[in-house]
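Colleague: Quick one: the structure is below, questions incoming.
The values are calculated or read from the model by the stated rules, or taken from the named source; none is laboratory data. Note that the structure is a prediction, hence the values are computed from the model and not measured. As a convention, Cβ positions derive from the backbone with ideal geometry for all residues, glycine included, and neighbour counts pool all protein chains shown. For accessibility, only protein heavy atoms count, side chains too; no ligands or nucleic acids. Shrake-Rupley method; radii C 1.70, N 1.55, O 1.52, S 1.80 Å.
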Amino acid sequence: MAHPDRFLLAGVMGWPVMHSRSPMLHNYWFKQHGLAGNYVPLAIRPEGLAAALGALHPLGFAGCNLTIPHKQQAMKIVDEVDTLARSIGAISCVVVRADGSLSGTNNDCYGFIHNIRQEQPGWRADAGPIAVIGAGGGSRAVCYGLAREGAKEIRLLNRTFARAKGIADEFGKPINALPWEQRHEALEGAAMVVNTTSCGMVGQPALDITLDKLPQGALAADIIYIPLETPFLAAARKRGNRTTNGLGMLLNQGRPAWKAWFGIEPEVTAELRAMVERTI
Ligand SMILES: NC(=O)c1ccc[n+]([C@@H]2O[C@H](COP(=O)([O-])OP(=O)(O)OC[C@H]3O[C@@H](n4cnc5c(N)ncnc54)[C@H](OP(=O)(O)O)[C@@H]3O)[C@@H](O)[C@H]2O)c1
């Protein structure tokens, strides 16, 4: 629970970290809820992660988020990793418990699914086949979330086939790994396509995919939010597909973090979204 007599603290550990929009998001919620607190960017080198996590409790932090490159390494450091984070294979959020021990969870999957629900009312994971492009950490959270929501068929395509095969073997049905060469054809009959690669992110090449086979009614989603519209999303929008970018995934993953840290479930409002969008 939130304490009116205590200064509330949380942050994001990353290297680099100054690009993160998380401080803006969480500090908006402190203000909105009239709470004295701060959420800070914590520039932590990989070799300093254990010491930094160990300092959370003595410094009075309720917990922290983790971003590149700490999400996997932190699993070996915290005292407990919940089933969800263990299944996804990465921690995105650390919670300091009353006894000072650290528990790790993953809210990326919640963020992805709740953003789609918020932006595309009536969306259903079982509406038809879903093509997921990419098999990195983000993809694992997306695939896990889609499967848990009842997706019947997930066609997983990655430049390095072994990584897609690894997820398919680990998660089992409904994930089916397909060779990278089939990415254009794999869109045939799909109800949704998700880009989880880093292609299209600022400074990266665009995702190399032809959307000709994607049905007109399909939803195209990207988990990238810098830029807000990747070349992949722009191409989908131009041919008439509905699109959703990755900003709402970032905003929504903050909600369960707040619930765990401060006992409050804040809202992702249009004002909040617009405020963050203006900085991108
Ligand atoms: N919105 C959010 O809250 C959120 C959350 C998590 C991640 N993200 C974003 O999602 C993106 C991926 O993050 P991640 O953590 O999953 O990264 P990651 O684990 O490093 O995975 C990167 C993925 O991109 C693929 N890739 C990279 N360059 C490629 C290229 N030139 N052609 C084809 N595929 C390529 C990789 O394929 P290989 O396996 O072949 O290398 C891999 O599948 C980043 O832009 C990140 O910012 C957003």
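Colleague: Scanning the chain for helices, which whole DSSP H stretches are 30 Å or more long along the axis (Cα) and average -0.5 or more by Kyte-Doolittle?
Modeller: Details: long enough: none.
Helices meeting the criterion: none.
Colleague: On the principal axes of its Cα set, how long, how wide and how thick is the range 109-245? Give whole Å, largest value first.
Modeller: 35, 32, 26
Colleague: Using amide H atoms built 1.01 Å from N in the peptide plane, name the residues 5+ places from residue 40, or on other chains, whose amide H lies under 5 Å from its own.
Modeller: Close amide H contacts, sequence-distant or interchain: 10, 11, 12.
Colleague: Say a paramagnetic label sat at a point 7 Å from the Cα of residue 242, along Cα to Cβ; which residues of the range 201-222 have their backbone N under 18 Å from it?
Modeller: Once the point is set 7 Å along Cα→Cβ of residue 242, 214-222 turn out to lie under 18 Å by backbone N, inside the range 201-222.
Colleague: Once amide H atoms are placed 1.01 Å from N in the peptide plane, what residues at a sequence separation of 5 or more from residue 132, or on another chain, have their amide H within under 5 Å of its amide H?
Modeller: It is 155, 156, 157, 194, by chain and number.
Colleague: Calculate the dipole size of the chain relative to its Cα centre from +1 charges on Lys and Arg beta carbons and -1 charges on Asp and Glu beta carbons; express the result in debye to the nearest 20. Write out the running numbers ahead of the final one.
Modeller: Values: 28 positive and 24 negative charges, 47 e Å.
The calculated dipole for the chain is roughly 220 debye.
Colleague: Residue by residue through the range 72-78, which ³J(HN,Hα) values in whole Hz follow from phi under the Karplus form 6.51 cos²θ - 1.76 cosθ + 1.60 (θ = phi - 60°), with glycine and proline marked x?
Modeller: 8, 4, 4, 4, 7, 9, 5
Colleague: Right, next: Calculate, in nm to one decimal, what residue 271 and residue 68 gain on full extension: separation in residues at 0.36 nm each, minus their alpha carbon distance.
Modeller: On the way: separation 203, 0.36 × 203 = 73.08 nm, distance 2.74 nm.
This chain segment gains 70.3 nm when fully extended.
Colleague: In nm, give the distance between the simple-model label positions of residue 279 and residue 206, each being 7 Å from the Cα along the Cα-to-Cβ direction.
Modeller: Computed distance between label sites residue 279 and residue 206 equals 2.9 nm.
Colleague: Let me ask another. Taking only the alpha carbons of the range 106-150, what extent do you get along each of the three principal axes, in Å, biggest first?
Modeller: If we take the Cα atoms of the range 106-150, the spans are 28, 22, 16 Å.
Colleague: I would also like to ask the following. Using a 1.4 Å probe on the protein heavy atoms only, what accessible surface does residue 123 show? Give it in Å² to the nearest 10.
Modeller: 30 Å²
Colleague: If each of residue 118 and residue 173 carries a label point 7 Å out from its Cα toward its Cβ, how far apart are those two points in nm?
Modeller: Going from the residue 118 label point to the residue 173 one covers 3.4 nm.
Colleague: Per the 1.4 Å probe, what fraction of the accessible area of the chain, in percent, lies on carbon and sulfur atoms? Before the final figure, lay out each step's value.
Modeller: Working: 6720 of 12460 Å².
Solvent-exposed carbon and sulfur of the chain make up 54 percent of the total.
Colleague: A further question on this structure: Quick check on the chain: what does the Kirkwood estimate of hydrodynamic radius come out to from the alpha carbon pairs, in Å? Display every interim value, and only then the final one.
Modeller: Numbers: mean 1/r = 0.0518 Å⁻¹.
When all Cα pairs of the chain are included, the Kirkwood radius is 19.3 Å.
Colleague: Something else now. What residues have an amide H closer than 5 Å to that of residue 242, excluding those fewer than 5 places away on the same chain, when H is modeled at 1.01 Å from N in the peptide plane?
Modeller: Answer set, sorted by chain and number: 220.
Colleague: What figure, in Å² to the nearest 10, do you get for the accessible area of residue 114 with a 1.4 Å probe and non-protein molecules left out?
Modeller: Accessible surface of residue 114 is approximately 60 Å².
Colleague: How much area per residue is accessible in the chain when the probe is 1.4 Å and only protein heavy atoms are counted (Å²)?
Modeller: With the other protein chains kept in place, the chain gives 45 Å² per residue.
Colleague: Just the number, please: percent antiparallel of the DSSP beta bridges in the chain, rounded to the nearest 5. Don't skip to the end; give the middle numbers.
Modeller: On the way: 7 of 39 bridges.
Approximately 20 percent, going by the DSSP bridge assignments.
Colleague: Got a sec? What order do 198, 103 fall in by accessible area at 1.4 Å, biggest, i.e. largest, first? It would help to have the intermediate numbers written out before the result.
Modeller: Values: 198 65, 103 25 Å².
So the residues, ranked largest to smallest area, are 198, 103.
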